[in-house]
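A short worksheet on the structure shown next.
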Amino acid sequence: MGELQIERHVEYIKSLDKKKDFDSLIMEHLRMNGAYWGLTAMDLMGKLGEIDEERVISWVLQCQHDCGGFSGNIDHDPHILYTLSAVQLLVLYDKLDVIDAEKVAGYIAGLQQDDGSFAGDQWGEIDTRFSCCAINCLSLLKRLDKIDLKKAIDFVVSCKNFDGGFGCLPGGESHAGQIFCCVSALAIAGALYHVDRDILGWWLCERQVPSGGLNGRPEKLEDVCYSWWVLASLVMIDRAHWIDKEKLKCFILSCQGCHCWSFRGLNQLIQLMHCQWMLLTEYSLAAQNKWGNSTIISLFPVLSVFFFIPHLQ
């Protein structure tokens, strides 16, 4: 089994901030998400100090709108996805005090619908991802009382399927990404009793294929990003021991690219979507650390927040 090339990953993530090409331009609306995943990866590798904290916080604040929500970049529209990433970034730097938590919470509460679901923004798209973002963000802000939590739970539960999984809407196909969102939302809300742990655990462990990697749905190719979605979900329902962790570690390490030194999908060319690669890198590092990499961290899969803790002798 190969080794995790920490320094090369650090170099790659740091290089993304300097790119001014066409690919960077068409991805600029995703920058808040990319910044969170990239900086979390840097933190996991013990290299967050190499990034200018003051510059990051200043940029995050410039992305906040009068409504309280955050956009993916300066001069873009606010959305619940980017609002969560902005709050997570501030948590990462222990800087929540620089924002008006009540205003941010008000923006999120205003997106809750009558059935308990959440719209992503003013245009009204509904998805369990947004339920997860809302509950996660309000939990970090200690403002869960701003929403009808019971209705929010009921909507998430209405998206549960016969196979134990969850979809983006009631009746939607079970998918590992949506399962993570729903299970984490229920965990934060103290409602994991709605999850059938054995049925869902079986569905999740069936995502491991002969290579050791995990896919997101039956009959799909394995992808390194599911090292996080599936693993974190299994951890939350106490079924992580149902998959072969050594084979998964080998798969993750085999997906390190040889050109830009980030993680890539198996047998896929290294993509130009820089924000996605920061996502995949962070997910894979999280999975590595969960199983005893030399760096000791405390992993909070429910909130997708990571903190370093001292090595205990």
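The values are calculated or read from the model by the stated rules, or taken from the named source; none is laboratory data. Keep in mind that what you see is a predicted model, and the values were worked out from it rather than measured. Cβ coordinates were reconstructed from backbone atoms using ideal geometry, including for glycine residues, and neighbour counts include every protein chain displayed. The protein model used for the area step is the full one, side chains on, heavy atoms only, and it has no ligands, DNA or RNA in it. Shrake-Rupley method; radii C 1.70, N 1.55, O 1.52, S 1.80 Å.
How many residues are closer than 13 Å to residue 107 by Cβ and either of a type outside the set (A, V, I, L, M, F, W, C) or within 19 Å of the chain's Cα centre (by Cα) (or both) if we restrict to the stretch 51-80? Going through the stretch 51-80 one residue at a time, the tally reaches 11. The residue pairs whose first member lies in the stretch 43-55 and is within 15 Å of residue 94 (Cα to Cα), whose second member is at pLDDT 95 or above, and whose beta carbons are closer than 8 Å, counting only pairs six or more residues apart or on different chains, are 53/93.
Where in the stretch 81-170 are there helices (runs of 4 or more DSSP H), lying wholly inside it, with at least 2 residues that are at pLDDT 95 or above and open to solvent by 50 Å² or more (accessible area, probe 1.4 Å)?
Values: elements: 101-109, 128-140, 149-158.
The helices (runs of 4 or more DSSP H) meeting that bar are 101-109, 149-158.
When you go through 77, 17, 43 one by one, which is the residue that is more than 24 Å from residue 144 (Cβ to Cβ), touching a strand residue (DSSP E or B) at 6+ places or on another chain (Cβ under 9 Å) and open to solvent by less than 60 Å² (accessible area, probe 1.4 Å)? Walk me through how you get there before you give the answer.
Working: 77 fails: open to solvent by less than 60 Å² (accessible area, probe 1.4 Å); 17 fails: touching a strand residue (DSSP E or B) at 6+ places or on another chain (Cβ under 9 Å).
On inspection, the qualifying residue turns out to be 43.
Filtering the stretch 184-222 to residues that are under 23 Å from residue 247 (Cβ atoms) and open to solvent by less than 10 Å² (accessible area, probe 1.4 Å) leaves 200, 201, 204, 212, 213, 214, 215, 216.
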